[in-house]
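One structure is given below, encoded as structure tokens.
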């Protein structure tokens, strides 16, 4: 799409290259990029934190009028972020700070003039210059309330890490508030996340912080919107034939997700250590398969336990969902919408989940959720699922598929980004 004419320019900043769409944030950012490329001339700036992703540069460039991809080495970025401890800023900001990105943004704006901007994740908002009264809309897709994620991390740790995570929660919230004050609109991935952020915007930590934010944007909370994720239901379809990756006759439960993400690591450890042994007591043939890229050493160690397998990265997650008797989402820390749950539902695979994993989902009339928070009831639900006959399992799986088809259309949700970028607001008739 390089050289497209007759379209308005859009500056699109993302903290990670939006391809391939194989993990939560990249699924959302890719579909946004793909959708907006039909309406705008996109100038995309993003970081590449996985060397394997450089091979997708041409796929991303096809959607862009100009492109700036810069390497980000996580080990060095973590060291750089520690410098934030000497300041009052969130550690997230120096992690993604790069002079080359700042220069590219400045030169792009100088060459093209003021343009609409979409910022994907709060950290990338540091590259936008100060707002002018007459500038086009700036939309910031926070996706989740990241500061609250760090607050949850603090609650789950002890010692120095507890202090660091709690500090990050406070500092990042202050930055998120400042970003919302400067933005034409702030977007989150669910109405639950949006409601939480509005509450945090209205309830300042101090009178001084309240005065500063209210002076900048007295109605920042009114400019917070929820735009859900979607699911590619043609790709995630149970109607295709998929090769069976499991041993014949196995009774398998599957977890899918990036396995270097702490919330996922915590989830599979909890299930493997506290839930799965209860399942094996009643059903020794049961298997628990952990599917996802970059498993940490502690996740790999779970594969040494009886009945548990850890696959690492796989070329296609769909066969693992198609042939499992059920998916599990035992997250105890979660923000926003869990794509792993939506993809399993789209595949007609029944899901046993904690309330946290389902928190961001829309209501689905007639849906029978298999949800519990503690180990024993989770094990009981999983055993019930493993023992279901094929007809009953298909009925439960069909409920999930129908819910996704009704509620999670990418095009329907992403049209709302276009309206925000064109006007800076959404009418009441535009949907929730």
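All of the numbers you see were taken from the coordinates with simple rules; none came from a lab. In this text, all values refer to a predicted model and were calculated from it rather than measured experimentally.
Against the chain, whose longest principal axis is taken from its Cα atoms, helix 146-155 shows a tilt of about 50°. For the chain, modelled as a GNM whose springs connect Cα atoms under 10 angstrom apart, the maximal fluctuation among 331, 82, 33 occurs at 82. Working note: 222 nm ellipticity from helices only, DSSP H runs with n ≥ 4, each -39,500 (n - 2.57), summed and divided by the residues of the chain, gives -12500 deg cm²/dmol to the nearest 500. Each part reduced to its alpha carbon centroid, the stretch 283-306 and the stretch 1-71 end up 34 Å apart. Between 0 and 90 degrees, the angle of helix 390-407 with respect to the longest Cα principal axis of the chain falls at about 10 degrees. Shape class for the stretch 357-401: oblate, because the ratio a/c of the largest to smallest gyration tensor axis (alpha-carbon atoms, square roots of eigenvalues) is 1.5 or more and b/c is at least a/b. Helix 191-202 sits at what angle to the longest principal axis of the chain, using alpha carbons and giving 0 to 90 degrees rounded to 10? Helix 191-202 sits roughly 40 degrees off the main axis of the chain.
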